[in-house]
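Here's the structure, in structure tokens; my notes come after.
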Amino acid sequence: MTSNRNTLGRTLLAYLPVNLANVLVSFGLIVVLTRLLSAEEFGRYALAMITLQFAHMGAFTWLEAAMARFQARAERDNDEASHLHTLYALGAGLGLFLTFMFLAIVYLLPLSREMQTVLAFALGSAGLQAVFNLGMEAHRASHRIIRYSLTYSGQTLLSFTIGIALVMLTPLRESGPFLGIIIGLLVGLMVDLPRMLSRQSGGRIEAGRARRYAAYGLPLCLSLLLGYTLNSSDVYIIAALMGEASAGQYNAGYNLANRSLEILFVWVSMAMTPTAIAAFEKVGTEASRDVMRSYGASLLWIVMPAAVGIALVSNDAGFILGESVRTEAVQVMPLIAFAGLMNGIVTYYVQRAFMFSGRTQDIVWLMIPPVLLNIGLNFLLIPRFGLMGAVAATLAGYGAALILTVIAARRHYPLPLPIKAAAQIALACAVMAICVQLLPLQRYEPGLVTLIIKAGTGGAAYLATCWIINAADCRTLVRQGLETLAARRRAVEAAS
């Protein structure tokens, strides 16, 4: 357990540049685009981004999942060249074919010229993104963390910068961010692809290997599609029933709440998932279970207070958004934060059990009932309750998904349930909420000042409570971290 906690701390720090880049880009896009674009334009941007994610998940994520899952095994078996060559050839071929197919479909659909344009730019980036992501997954799985962090962060920030410049300086408007993504990906591939091609020297495209990877990855791909349908289909329904402006308002609030949590989930997941997979492949089930136990407790310790905090300061954080979406967006944020918490636990923790057991096809069947429930409730509740009806449907869908996946996951893999840590963290979150609610801030208008006061007070209350009750064994983690730093300082002093 001690080794797992030390590994988590070191790896989280190594992935910090990626997390900071994601934070900057995610919030920067919301802040800038909701100010530069009208509600209708932001609605079209949101619909195009969601469509891009659907296309990418449906076409390419099985390749990325296979890279993440089997890279360690290929290295163990001294067969990395054929492993990489097979996946890169599939990615390049599918990327070229499907990009042209996506563009043809967009041209044939009876959409407005503005919607066709933004969809064309968005879907035009899908194939490039797939090939770039293969390299990033290989670096992560091989623990080439510095290379991954620098390459991914650089591409993300470059795409963001160019995209915003195009919105401001050209008539592309909502299409600008997607052209920025294309340019950033091209630069990223120029940096990373030559090295990855050199690692494929002597490798062959193996049909049998491709079939094995498809058998593993396609069920995950379908499960991600279903999960994303649960996550984002409400935006399409809102656009159809209430208009593109309402879709933009809902998406702004949803993204500000949910994306904040997703960044934290991804950060912890990218630190621990490769470690858990390596333990499973090279040692066995019990070793991976020890890693997952630390992973689950640490995940809750970081993300649960963030969800509660978003709910507490949603009104104060409204100044981040442009006026065209602000009022409606802040109304959906508190409950979306808790929906995002459930979604993240399913996606970034529970589904790891299906990866280890090899029963990824089970996730597909498990996600169908929550998706159908969510879509049905959206059509039932949105006409009556507007955007809050979509929020209620999302909560119901994620709640059903969490229950079903936890029950099924533990049938095939001994997934640890950090119940004690969850109870301790919930208590600390309750103390945090009480302290924030008792603050005498009635004379202040909600904004940056109240946000800083509430965040500072809530964070201090949460950390103090966690320290007192040793929530998720946090005192041990801090003590080990301090001991590691002290040992390194002594080693440096001895060397000098």
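The values are calculated or read from the model by the stated rules, or taken from the named source; none is laboratory data. Quantities reported herein were computed from a predicted structural model and do not represent experimental measurements. Heads up, the Cβs are rebuilt from the backbone with ideal geometry, glycines too, and the neighbour counts pull from every protein chain shown.
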Inside the stretch 199-217, can you point out the residues that are exposed (fewer than 14 other Cβ atoms within 10 Å of the Cβ) and not basic (Lys, Arg)?
SER201, GLY202, ALA207, GLY208
Residue match in the stretch 181-202 (condition: closer than 16 Å to MET67 by Cα and of a type in the set (Val, Ile, Thr))
no
Among all residue pairs at least 6 apart or on different chains, which show Cβ distances below 8 Å where the first residue, located in the stretch 324-343, is over 17 Å from ASN231 (Cβ atoms) and free of Cβ contacts under 8 Å to residues at least 40 places away in the same chain and the second is among the charged types (D, E, K, R) and not in a helix (DSSP H, G or I)?
none
Quick check: is even one residue across the stretch 348-362 in contact (Cβ under 8 Å) with a residue 24 or more places away in the chain, charged (D, E, K, R) and crowded, with 23+ Cβ neighbours inside 10 Å?
yes
Can you tell me which residue among GLN71, GLN53 is among the polar types (S, T, N, Q) and either touching an Asp or Glu at 6+ places or on another chain (Cβ under 9 Å) or under 30 Å from LYS282 (Cβ atoms) (or both)?
GLN71
Exception for GLY202 within (1) assigned to a helix (DSSP H, G or I); (2) touching a helix residue (DSSP H, G or I) at 6+ places or on another chain (Cβ under 6 Å) falls at (1)
Do we have PHE356 as out of contact with any Leu (no Cβ under 6 Å at 6 or more places or on another chain) and within 25 Å of SER298 (Cβ to Cβ) here?
yes
Test ALA165 against the stated conditions and say whether it is free of Cβ contacts under 8 Å to residues at least 24 places away in the same chain, part of a helix (DSSP H, G or I) and within 22 Å of LEU37 (Cβ to Cβ).
yes
May I ask you to verify whether GLY376 is surrounded by fewer than 17 Cβ atoms within 10 Å (Cβ to Cβ), modelled with pLDDT of 95 or more and either of a type in the set (Gly, Ala, Ser) or on the phi > 0 side of the Ramachandran plot (or both)?
yes
Okay, helices (runs of 4 or more DSSP H) sitting entirely in the stretch 352-460 with 3 or more residues that are within 28 Å of PHE70 (Cβ to Cβ) and within 22 Å of the chain's Cα centre (by Cα), I get 361-385, 387-409
With the stretch 234-345 as the region, which helices (runs of 4 or more DSSP H) entirely inside it contain at least 2 residues that are touching a His at 6+ places or on another chain (Cβ under 9 Å) and surrounded by fewer than 22 Cβ atoms within 10 Å (Cβ to Cβ)?
244-282
Taking the stretch 146-186 on its own, how many of its residues are over 28 Å from GLU114 (Cβ atoms) and modelled with pLDDT of 95 or more?
0
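Residue-wise test of (1) out of contact with any helix residue (DSSP H, G or I) (no Cβ under 6 Å at 6 or more places or on another chain); (2) of a type in the set (Gly, Ala, Ser); (3) more than 21 Å from GLY217 (Cβ to Cβ).
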{"position": "ILE345", "(1), (2), (3)": "yes, no, yes"}
{"position": "LEU381", "(1), (2), (3)": "no, no, yes"}
{"position": "LEU387", "(1), (2), (3)": "no, no, yes"}
{"position": "ALA392", "(1), (2), (3)": "no, yes, yes"}
{"position": "TYR398", "(1), (2), (3)": "no, no, yes"}
{"position": "ALA401", "(1), (2), (3)": "no, yes, no"}
{"position": "ARG411", "(1), (2), (3)": "yes, no, yes"}
{"position": "PRO416", "(1), (2), (3)": "no, no, yes"}
If a residue counts only when it is buried (at least 19 other Cβ atoms within 10 Å of the Cβ) and under 19 Å from the mean Cα position of the chain (by Cα), which helices (runs of 4 or more DSSP H) contained entirely in the stretch 51-147 have at least 1 such residues?
113-123, 126-141
